[in-house]
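Please read the structure below before turning to the comments.
The values are calculated or read from the model by the stated rules, or taken from the named source; none is laboratory data. Predicted model, so just to flag it, every value in this text is computed and none were measured. Note that we place each Cβ from the backbone using ideal geometry, even for glycine, and neighbour counts take in every protein chain shown. Note: areas computed on protein heavy atoms with side chains; ligands, DNA, RNA excluded. Shrake-Rupley method; radii C 1.70, N 1.55, O 1.52, S 1.80 Å.
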Amino acid sequence: MADSGVTDGPGKNGDIERVKTEGKELTKEEKQRLRKEKKHQKKNKEKKDDKASKESEKEKKPVSSAAPASQPPTQKAPSAVPAPAPAPVPASETPAPADKPTKSKAELKAERRARQEAERLSKQIKKGDVGQPSTTGKPKAPPSELQPVVKRLPEHIQVDNPDVLKKLAKKLERQQIPLRSDYGYKVSLFSHLHQYSRKAPLTQQLSIPSSVIHPAIVRLGLQYSQGIVAGSNARSVALLHAFKQVIRDYTTPPNEELSRDLVNKLKPYISFLNQCRPLSASMGNAIKYIKKEISNIPSQCKEEEAKSKLLNCIDCYINEKINLAAKAIAKYSIEKISDGDVILVYGCSSLVNHILWEAFDKNRKFRVIVVDSRPRLEGREALRRLVQKGISCTYVLISAVSYILPEVSKVFLGAHALLANGYVMSRVGTSQIALVAKAFNVPVLVCCETYKFCDRVQTDSFVSNELDDPDDLIVTRKGKTQLEQWQQVPSLGLLNLVYDVTPPDFVDLVITDLGMIPCTSVPVVLRVKNVDQ
């Protein structure tokens, strides 16, 4: 059938071509014949190609059997370097060249890679870096590299690590600052945190005439440790005013630049304040701002001019980030306060008090329930300020929150810091109030300035916190002190936590100087702040 198709094909094709040249249309039968002829021609070509390939393979086999003597040295030499196999046997070499023409692309790529690796190996051997190619040593490096990541944690939350304590002691010794010793037995969960006693302030260990610490910083540190200056805003403002005094009294030494020497001068002051009481997130942000402004001062700037610039920057920071921010937050918060509202507040937040004053001045009619807790009882100060303004108030302890919440319409809370994952760090007890308010379906509004936003991430109150003086928990009633000799009981530890962390699920809204945002928008605000700076 194939032969008849080949012989008959040209005649029929010639007829069809004549019809085409004459301009006549082909009939259906002629079109079918033309298709059949094309199919026959394709089949014949495929058969011829198969026969030709088989004949060429037969011809190559005797040639390849004669060639192994010359080919193996060129082919096997590079592949012998990466492969630790024994020397090739001549009998096994004969089929390899014969199979070469029929190798797939993947096999060819593998051969190329083997040659490249062999060349790299030979180069490294020449250089003497034989130990590098062995990749078994590299995976063992990460465990040792993980240690510096742990050491990046602040020193004040690694008290149970003796190596960190030694480094801290050496650092303080270089800065001529005494190391404050821990006080009393600590609960095991919080053994990594400092616990100080107010009866033994750090200033007792300072020799004032030879001290390198500025008197304004010494006074401020004493006020921090004794609890005279408390609250995030008050501590930050006091710190900035103390630094203003330091800058006024500063003189640049000869052969020194103000931008470098002043930053080095502030380092022991910051270490001293951190020993008196761990720095808050807002204080950390204020210190970063001051250091940035100092480093931005050009070297050709005169000393008096540079000092006046820094003082103006600090005044602007206090005015914009704290005072004007409080006014903006009060403006947004008043929109959420309606006539007849019963507002619950906790502790003594200067920002929440300012909001309530502004709302009262705008003739909003509301009632305030002040919730307080031991041992600080800060709510009494908030109660005194609100009653003095003429606002109707009720005072309860935190243990009675669940009884008072059914009549509450809104909860206003202050914040120590707002973390990058949306968690709110505030006075201990805040998370309990937010939890109970959520159970009673009462909206929880957190009021916080953006300068308190922190890029730290925290989901619990254990890792990073602050321990206050455990003696504050001792109460004398009717002339009897139950816990007077608590240190003599080896199995007894008093825990006086300062802060706790509230999950964003319990917070309905965060009112900031930029507007009203959810907790999840904290990373966006931090990103915008970093771009602006």
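Beta carbons closer than 6 Å, at least 6 apart along the sequence or on distinct chains, pair a first residue in segment 109-126 that is in a helix (DSSP H, G or I) with a second that is surrounded by 15 or more Cβ atoms within 10 Å (Cβ to Cβ) and not polar (S, T, N, Q) for ALA114/PRO82; ARG115/PRO78; GLU117/PRO82; ALA118/PRO78; ALA118/VAL81; ALA118/PRO82; LEU121/VAL81.
Restricting attention to segment 508-532, the residues being under 18 Å from LEU324 (Cβ atoms) and either part of a loop (DSSP other than H, G, I, E, B) or touching a Phe, Trp or Tyr at 6+ places or on another chain (Cβ under 9 Å) (or both) number 8. Counting only strands (runs of 3 or more DSSP E) that fall entirely inside segment 326-403 and contain at least 3 residues that are without any contact (Cβ under 8 Å) to a residue 60 or more places away in the chain, the qualifying elements are 366-372, 393-397.
Here's the yes/no breakdown for (1) open to solvent by 30 Å² or more (accessible area, probe 1.4 Å); (2) under 24 Å from VAL352 (Cα atoms); (3) in contact with a His (Cβ under 8 Å, 6 or more places away or on another chain):
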| site | (1), (2), (3) |
| --- | --- |
| GLU484 | yes, no, no |
| GLN487 | yes, no, no |
| GLY493 | no, no, no |
| VAL510 | no, yes, no |
| ASP513 | yes, yes, no |
| MET516 | yes, yes, no |
| VAL525 | no, yes, no |
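Scanning segment 421-465 for residues that are part of a loop (DSSP other than H, G, I, E, B), touching a Phe, Trp or Tyr at 6+ places or on another chain (Cβ under 8 Å) and open to solvent by less than 20 Å² (accessible area, probe 1.4 Å) returns GLY429, GLN458, ASN465.
Exactly one residue out of VAL510, VAL524, VAL501 is without any contact (Cβ under 8 Å) to a residue 24 or more places away in the chain, within 30 Å of ALA330 (Cα to Cα) and not aromatic (Phe, Trp, Tyr): that is VAL524. The set of residues in segment 466-486 being outside any loop (DSSP other than H, G, I, E, B) and of a type in the set (S, T, N, Q) consists of THR476, THR481. Assess whether SER271 counts as being crowded, with 17+ Cβ neighbours inside 10 Å, under 27 Å from the mean Cα position of the chain (by Cα), farther than 25 Å from CYS448 by Cα and touching a residue at least 12 places away in the same chain (Cβ under 8 Å). Here the answer is yes, as SER271 does meet what is asked.
When we screen SER225, SER181 for residues that are assigned to a helix (DSSP H, G or I) and among the small types (Gly, Ala, Ser), the only hit is SER225. When the residues of segment 165-207 are filtered to those that are within 17 Å of GLN223 (Cβ to Cβ) and surrounded by 15 or more Cβ atoms within 10 Å (Cβ to Cβ), the one that is farthest from the chain's Cα centre (by Cα) is LEU206. As a summary of the residue check, VAL387 satisfies the conditions (1) open to solvent by less than 20 Å² (accessible area, probe 1.4 Å); (2) modelled with pLDDT of 95 or more; (3) over 32 Å from the mean Cα position of the chain (by Cα) except for the one numbered (1). Selection of segment 303-320 for residues being under 30 Å from TYR499 (Cα atoms) and open to solvent by 30 Å² or more (accessible area, probe 1.4 Å) yields ASP315, CYS316, ASN319, GLU320.
Exactly one residue among SER259, SER191 is in contact with a helix residue (DSSP H, G or I) (Cβ under 9 Å, 6 or more places away or on another chain) and polar (S, T, N, Q), and that residue is SER259. For segment 290-302, the tally of residues that are surrounded by 14 or more Cβ atoms within 10 Å (Cβ to Cβ) and either among the charged types (D, E, K, R) or more than 19 Å from ASP261 (Cβ to Cβ) (or both) stands at 2.
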